[in-house]
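Inspection log for the structure reproduced underneath, given as structure tokens.
Bear in mind these aren't lab numbers, they're just calculated from the coordinates by the rules spelled out. Remember, it's a predicted structure, so these values are computed and weren't measured experimentally. Neighbour counts are summed over all protein chains in view; Cβ atoms, including those assigned to glycine, are modelled from backbone coordinates with ideal geometry.
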Amino acid sequence: MRSAYEQICHLNSRYGENRAFVNFVDGGGWLARKRDLERLVEHCHYFINLQHLDMLEAIVLKHVPERYFTQADVDRTMD
């Protein structure tokens, strides 16, 4: 996972891109694996769980170029 995050950071820097690495955790079991959880948080741009899943739309809108959206997509986000 760390190498994927580092690769994204490298490509962003080299090509002026704005890609993001998002880690998603689906439960509290990670709390018992504290060091692994810390690594997950350290090696990503965003770290979300089920309680913060609503953040995903804002992340996509920030990092995906507008040319990949249709007007219907934009209208739907305004509702």
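What full-extension length gain, to one decimal in nm, is calculated for Ala32 and Ile8 as 0.36 nm per residue of separation minus the Cα-Cα distance? Kindly include the intermediate steps, with their values, before the conclusion.
Values: separation 24, 0.36 × 24 = 8.64 nm, distance 2.86 nm.
In short, 5.8 nm is gained.
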Task: Within the chain, helix-based [θ] at 222 nm, where runs of 4 or more DSSP H residues each add -39,500 (n - 2.57), nearest 500 - done: -15000 deg cm²/dmol
Task: Listed candidates [x] -0.59, -0.80, -1.10; [y] -0.60, -0.73, -1.06; [z] -0.72, -0.87, -1.13 - label of the one calculated as log10 I(q)/I(0) by the Debye sum over Cα atoms at q = 0.14, 0.17, 0.23 Å⁻¹ - done: [x]
Open item on the list: What does the extension gain come out to for Val60 and Tyr15, with contour length at 0.36 nm per residue minus their alpha carbon separation?
Closed with: 14.3 nm
TODO: Calculate the dipole size of the chain relative to its Cα centre from +1 charges on Lys and Arg beta carbons and -1 charges on Asp and Glu beta carbons; express the result in debye to the nearest 20.
DONE: 440 debye
